Amino acid sequence: MRDEAAIATQRDLDARLEEAFGLAQAIDLDVRATVPVPVSQPKPATLFGAGKVEEIGETVKEEDIDLAIVDHALTPIQQRNLEKAWKTKVIDRTGLILEIFGERARTREGRLQVELAHLKYQKSRLVRSWTHLERQRGGFGFLGGPGETQIEADRRQLQEKITRIEADLEQVKRTRDLHRRQRRKVPHPVVALVGYTNAGKSTLFNRLTEADVFAKDLLFATLDPTLRRIKLPHGTEAILSDTVGFISNLPTHLVAAFRATLEEVIEASIILHVRDISHKDTEAQASDVADVLKQLGLDPADRERIIEVWNKIDLVDGTRRDALLAQAATESPGGQERRVVSAVTGDGLPELLAAIETRLLGSRPVHELTLDPSDGAGLAWLYDHGEVLERHDGENGMLHLSVRIAEKSMTVFHQRYGERIQHPLAEN
């Protein structure tokens with residue numbers, strides 16, 4: 001069962017319903033009915049009006065529904081009242097996302113983050129009228145003092161678990177920071193993939209790294225962060241980081257719980273914002289990603305670090321494809337570079353890799369050198385291990401070159417070309 005509250009939004013109602021359906025499928029629920037419910041004025045007690053509550057209740061009864069999911073945030077009181085009215089369990093969008101996260105987490109860090117978010121969510125639900133909450137019980141040491149109510153004990157026990165998990169996560173964070181410092185010594189710049197869930201990040205990650213990360217047409221197919229080394233066209237090496245997908249109305253405490261994972265994004269040299277450009281709500285999805293980046297303290301309009309990757313161009317018809325290619329070639333409102341690709345077919349990926357390398361090499365010094373035109377091997381080495389910015393013939397027949405060289409190749413560059421290298425020029 002899926003009940004959708006389409007409260008004042010720019011999103012397409014059908015797309016919202018499709019996404020809600022996809023969330024349910026992500027944990028293999030058998031969806032018996034979907035009921036789109038536009039809500040102009042949310043009711044404090046039940047979110048929906050009395051007539052709609054009754055109508056949905058009839059559907060719940062007829063379809064023998066065990067679980068009703070409201071694709072909107074519910075207050076504990078709204079959740080309790082809807083459960084009473086429909087005589088079935090009710091969870092909201094946050095609860096459903098937590099269930100998906102719990103099923104997807106594979107690493108210890110991922111499981112800890114999910115458990116922390118779930119406990120904080122549970123703690124906020126402790127106003128519900130569970131049957132045992134009105135009982136009083138005496139204390140036995142850790143169970144609390146005489147007269148402590150069950151709800152107080154539950155809240156205290158939840159807080160103790162939260163404190164313990166936060167301490168465990170802090171240790172994980174210190175280990176991750178250590179690994180990050182070790183990578184800086186290499187150094188390999190980090191290129192982070194971000195985007196709306198199911199935008200194709202993991203498929204793109206697999207294509208670029210020849211890895212085998214779980215990639216499926218499912219919301220939140222990837223939850224735990226994955227890092228792989230990639231080699232760019234001129235030999236520059238980087239670390240590519242795949243991250244959890246973002247989604248609309250992602251609760252702040254969920255973003256906070258996954259902040260340690262998302263620190264790879266915060267510290268990345270380049271952020272690839274992957275968009276499903278074939279999706280009818282692609283603009284709204286991009287806005288949602290921008291909102292999460294802001295929560296992480298990042299500027300979504302940072303033209304120096306962010307490249308928009310318009311993925312799934314293979315799913316777009318010819319006329320719109322041409323329009324998107326023309327649009328991508330123009331200056332974006334935020335000034336970001338835009339690349340049109342298909343992670344499935346490989347279209348546009350060489351250009352994307354070249355754009356990444358240009359960004360990474362752009363902060364490195366430009367060297368001038370002269371080269372004998374007969375030194376074909378020397379010239380080929382420069383093209384393989386760096387970026388040849390300018391090349392022209394001198395009056396004496398020598399080649400005059402302006403080049404940027406990948407960091408890891410600088411020692412060989414100086415050994416090989418020696419006195420032919422002039423002092424680095426100022427950055428372009």
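Would you mind pulling out the separation of the Cα centroids of the stretch 327-356 and the stretch 55-123, in Å? Rounded to whole Å, the Cα centres lie 38 Å apart.
So how far apart, in nm, are the two label points at Asp302 and Thr163 if each is 7 Å from Cα heading toward Cβ? Each label point lies 7 Å from its Cα, and together they span 3.6 nm. Applying 1/(1 + (r/R0)^6) with R0 = 25 Å to the Cβ-Cβ distance of Lys61 and Ser124 gives a FRET efficiency near 0.30.
Taking R0 as 60 Å, what FRET efficiency do you get between Gln415 and Asp14 from their Cβ-Cβ distance, rounded to the nearest 0.05? About 0.45, to the nearest 0.05. Taking a 20 Å limit on the Cα-Cα distance, which of the listed pairs Lys52/Lys84; Lys120/Lys294; Lys201/Lys312; Lys231/Lys312; Lys43/Lys123 fall beyond it? Pairs exceeding 20 Å: Lys120/Lys294; Lys231/Lys312; Lys43/Lys123. Could you pull out which residues in the stretch 190-205 have an amide N less than 19 Å from a spot 7 Å beyond the Cα of Lys231, following the Cα-Cβ vector? Only 190-191, 205 pass the distance filter.
Once you have a ≥ b ≥ c as the square roots of the Cα gyration tensor eigenvalues for the stretch 2-100, tell me rounded if a/c is under 1.5, and otherwise prolate or oblate according to whether a/b is larger than b/c. In terms of gyration-tensor shape, rounded. With both labels modelled 7 Å from their Cα along Cα-to-Cβ, the Tyr383 to Gln327 distance reads 3.6 nm.
Any read-out appearing in this document is the output of simple, stated calculations on the displayed coordinates, not a laboratory observation. Remember, it's a predicted structure, so these values are computed and weren't measured experimentally. Counting neighbours? That spans all protein chains shown, and the Cβs are built from the backbone with ideal geometry, glycine included.
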